[in-house]
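Asks: Right, I'll just put the structure down here and ask away after.
The values are calculated or read from the model by the stated rules, or taken from the named source; none is laboratory data. Small disclaimer: the values here were computed from a predicted structure and weren't measured. Here Cβ is always computed from backbone atoms with ideal geometry, including for glycine, and neighbour counts include all displayed protein chains.
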Amino acid sequence: MHKIQYRRLTAREREEISRGLEAGRSYAEIARHIGRKTSTVSNEVGRSGGRDTYRALPAQQQARVRAGTRRGGKRKLYTTRKLRTYVHDHLRRKWSPEQISAILKKTYAGNMSMRISDEAIYQYLYVLPKGALKKTLIKGLRQERKYRRKQKGAKGNSEETRGKIANMLSIEERPAEVADRVIPGHWEGDLIVGLHRQSALGTLVERTTRYTMMVYLEAKDAVSVRKAFAKEIRTLPLELRKTLTYDQGKEMSEHKRFTIDTGMQVYFAHPGSPWERGTNENTNMLIRQYFPKGTDFRMMTRREIKSVQRSLNERPRKTLGYQTPREALLKLLR
């Protein structure tokens with residue numbers, strides 16, 4: 001009988017364990033999420049002080065000490081300057097280690113000196129000494145993935161405390177083609193609210209290509225939001241203006257006029273159901289890497305916001321086969 005070999009937890013799995021604990025998930029839920037046994041997660045957390053003190057970085061460092069794998073000076077990123085420069089540059093641009101590894105394989109297909117796994121990048125980051133460089137580079141790991149919250153009660157039965165938007169169309173009436181992501185031109189939208197809820201940033205994401213448009217807002221009332229969103233949408237060709245899925249925020253109460261201005265029909269998600277606009281929710285988490293909570297968007301210029309938009313649209317996405325959203329959109333427009 002063959003002995004089953006134990007596979008050590010990776011740095012990325014420890015990141016997921018840390019996020020799961022922070023979200024209040026059980027060991028069993030976290031284990032299912034990362035494809036491990038519950039006992040593996042329980043033992044890992046127990047070795048590092050328990051639920052309240054577990055952190056991925058010190059846990060990974062402790063694991064390396066236990067395994068006796070102190071090989072910092074021999075690591076590829078220490079010995080190959082060109083590779084190290086490439087990795088540093090793209091981490092500063094907030095690419096994840098997985099994105100960097102995948103694009104290196106495509107860009108340097110015949111050059112093994114410019115190939116490295118995402119796990120090796122994680123390991124390299126964790127053994128860097130504390131300081132400004134480590135703090136800057138490790139921001140590329142902060143994707144802040146959230147677990148979907150359990151629904152309270154049956155769908156559609158949650159109590160809504162805000163006033164209803166007049167003449168709105170429910171997401172249930174949205175064309176079936178939107179869910180398939182085959183036909184482009186279907187968008188999801190939202191606001192990211194700034195410091196003390198006094199300012200906001202508009203976000204629009206195309207479901208097929210994940211192309212993102214970030215909307216500079218002078219104010220967050222319904223008229224200002226409608227005008228600013230419509231101005232952005234009108235820069236698109238007609239074939240990319242089909243539908244917009246939005247939550248039931250009052251800033252979209254002028255949706256009928258928005259449809260007249262743009263030709264796009266607006267559909268509204270159920271209250272308290274962010275997963276119905278999952279593409280937009282995930283994109284907003286990426287945007288928070290650039291504009292963390294507490295940002296005062298009144299202090300940001302349109303040029304600064306558009307610079308971040310370009311950066312997001314030039315980041316390769318696993319779901320697009322490591323194309324960038326910009327590349328995916330340009331293919332559609334040819």
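Asks: Quick one: would you say Val223 is surrounded by fewer than 21 Cβ atoms within 10 Å (Cβ to Cβ), over 29 Å from Arg315 (Cα atoms) and β-branched (Val, Ile, Thr)?
Replies: yes
Asks: To continue, here is another question. Residues that are assigned to a helix (DSSP H, G or I), farther than 24 Å from Leu240 by Cβ and over 13 Å from the mean Cα position of the chain (by Cα): does the stretch 281-297 have at least one?
Replies: yes
Asks: Let me ask something additional. Just to check your reading of the model, which residue among Thr259, Thr245 is among the polar types (S, T, N, Q), touching a strand residue (DSSP E or B) at 6+ places or on another chain (Cβ under 8 Å) and outside any helix (DSSP H, G or I)?
Replies: From the options Thr259, Thr245, the qualifying one is Thr245.
Asks: Consider only pairs whose beta carbons are under 7 Å apart and that are at least six residues apart or on different chains; among these, list those whose first residue lies in the stretch 204-233 and is over 15 Å from Leu244 (Cα atoms) and whose second residue is among the β-branched types (Val, Ile, Thr).
Replies: Between residues of the stretch 204-233 that are over 15 Å from Leu244 (Cα atoms) and residues that are among the β-branched types (Val, Ile, Thr), the close pairs are Tyr216/Ile305; Leu217/Val225.
Asks: Residue by residue through the stretch 178-229, note down the ones that are closer than 19 Å to Arg277 by Cα, over 18 Å from the mean Cα position of the chain (by Cα) and among the aromatic types (Phe, Trp, Tyr).
Replies: Within the stretch 178-229, just Phe229 meets the criteria.
Asks: I would also like to ask the following. What's the number of the condition Lys306 fails, among (1) in a helix (DSSP H, G or I); (2) modelled with pLDDT under 95?
Replies: Evaluating Lys306 over (1) in a helix (DSSP H, G or I); (2) modelled with pLDDT under 95 leaves (2) as the failure.
Asks: Could you list, in sequence order, the residues of the stretch 191-216 that are assigned to a loop (DSSP other than H, G, I, E, B) and within 18 Å of Thr283 (Cα to Cα)?
Replies: Gly194, Arg207, Thr208, Thr209, Arg210, Tyr211, Tyr216
Asks: Would you pick out the residues in the stretch 309-331 that are out of contact with any strand residue (DSSP E or B) (no Cβ under 9 Å at 6 or more places or on another chain), in a helix (DSSP H, G or I) and not hydroxyl-bearing (Ser, Thr, Tyr)? Even if it seems obvious, please write down each step before you answer.
Replies: Filtering the stretch 309-331 down to residues out of contact with any strand residue (DSSP E or B) (no Cβ under 9 Å at 6 or more places or on another chain) leaves 310-311, 314-315, 318-322, 326-327, 330.
Narrowing the set further to residues that are in a helix (DSSP H, G or I) leaves 310-311, 318-320, 326-327, 330.
Selection gives Arg310, Lys318, Leu320, Arg326, Glu327, Leu330.
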